[in-house]
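Notes follow once the structure below has been shown.
The values are calculated or read from the model by the stated rules, or taken from the named source; none is laboratory data. Just so it is clear, the structure is predicted and the values come from calculations on it, not from any experiment. A quick note on method: Cβ atoms are made from the backbone with ideal geometry, for glycine too, and the neighbour counts reach across all protein chains shown.
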Amino acid sequence: MPGAFSGPLPIHCWAIEHEGVLRLVDTGETAAARNVPFARMEVTHEQELPAAMAAAGLKLDDVAEVVLTHAHGDHIDGLVHVRARVLINERELLSLRSPSARVMRRVLCQPLPPGFDPEPFALDDGSFGTFRKSRALSDDGRIAVVDTAGHTPGHVSVICIDDSGRHIVLAGDATDSLEQLHAKRADAVGPDPEVHVATLETILAHCAQHPTVYLPSHDPGSAARLEAATTVIADRSMTRTTVPETARADSFGHRDGMSWGLPRSARDTRANL
């Protein structure tokens, strides 16, 4: 059973500029969001995607592509503001169309956003670091989607390799927080805890091989870790974090060919699951 509600948490979505292409990872929530038993939404129009993009100096009309980490409302409802191509893992889309998923959307009064019609993609580009399944988004391979199933059957994360070789993991809801990753703790809403824990072990193994900045969408510490380029160092069962002495970036800082940022579109208050 859920515990007490937390304080307000962010709903981050992310903008990536690379090789002249502006991509979004997720689109946040809208002010029309309804509460669910495990989350209370506190979203204003000023926190929706258009205002967040404008505050970051970006234009929605310039967005070429949206990649969805998964199909929960607080990650997809902002699509009502977007006219760009939208991509989703084919496994997530298949799960979304299942009878059980349709029933749950009715029970929770959580319909898909109007016009929801993303293009499915397959994770068919082989391995990326420790992840067995991936798909390249950029021609140079510096932006890739990887399989992080657990929170949902087809959940993915997006990894961007910055000019210093750090791997920026836009983790969606792979975990709610960095602490959950360290603890290798499955969440209460995922369909298969064993799959989820295996994914967390894969992420930690990747962190052990590559300097990795880990950014879950609802972690209050994600923005600060991005700004400070704080990496996760994982060594088998032991994990810690370290802040490098060089190369800091602000939320929309540019490093040569790639920049990234965090339109903070909304917030929610979640039960401790």
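Some points to look at:
- Residue satisfying all of: in region 158-169; surrounded by 22 or more Cβ atoms within 10 Å (Cβ to Cβ) and free of Cβ contacts under 8 Å to residues at least 60 places away in the same chain; farthest from Ile88 (Cα to Cα) among these: His167
- The residue that is surrounded by the most Cβ atoms within 10 Å (Cβ to Cβ), among those in region 15-57 that are among the polar types (S, T, N, Q) and under 23 Å from Arg85 (Cα atoms), is Thr27.
- Flag for Val197 being out of contact with any Phe, Trp or Tyr (no Cβ under 6 Å at 6 or more places or on another chain), surrounded by fewer than 17 Cβ atoms within 10 Å (Cβ to Cβ) and either modelled with pLDDT under 90 or not hydroxyl-bearing (Ser, Thr, Tyr) (or both): yes
- In region 142-157, the residue that is surrounded by the fewest Cβ atoms within 10 Å (Cβ to Cβ) out of those that are among the small types (Gly, Ala, Ser) and outside any strand (DSSP E or B) is Gly154.
- Within region 170-183, if we keep just the residues that are touching a Ser or Thr at 6+ places or on another chain (Cβ under 9 Å) and charged (D, E, K, R), the residue that is nearest to His151 (Cα to Cα) turns out to be Asp173.
- Hits in region 117-146 - residues which are in contact (Cβ under 8 Å) with a residue 60 or more places away in the chain and hydrophobic (A, V, I, L, M, F, W, C): Phe131, Leu137, Ile143, Val145
- Conditions (1) in contact with a helix residue (DSSP H, G or I) (Cβ under 8 Å, 6 or more places away or on another chain); (2) in a loop (DSSP other than H, G, I, E, B); (3) within 28 Å of Ala198 (Cα to Cα); (4) not aliphatic (A, V, I, L, M): number failed by Asp125: (1)
- Taking region 35-47 as the range and being of a type outside the set (A, V, I, L, M) and closer than 17 Å to Leu9 by Cβ as the test, the residues that pass are Asn35, Pro37, Phe38, Arg40, Glu42, Thr44, Gln47.
- Condition met for Arg91 (at pLDDT 95 or above, touching an Asp or Glu at 6+ places or on another chain (Cβ under 9 Å), among the charged types (D, E, K, R) and surrounded by fewer than 19 Cβ atoms within 10 Å (Cβ to Cβ)): no
- Enumeration of residues in region 170-221 that are in contact with a helix residue (DSSP H, G or I) (Cβ under 7 Å, 6 or more places away or on another chain) and without any contact (Cβ under 8 Å) to a residue 24 or more places away in the chain: Lys184
Here's the yes/no breakdown for (1) in contact with a Ser or Thr (Cβ under 9 Å, 6 or more places away or on another chain); (2) part of a loop (DSSP other than H, G, I, E, B); (3) over 22 Å from Gly141 (Cα atoms):
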{"site": "Ile159", "(1), (2), (3)": "yes, no, no"}
{"site": "Asp163", "(1), (2), (3)": "no, yes, no"}
{"site": "Ile168", "(1), (2), (3)": "yes, no, no"}
{"site": "Val195", "(1), (2), (3)": "no, no, yes"}
{"site": "Val213", "(1), (2), (3)": "yes, no, no"}
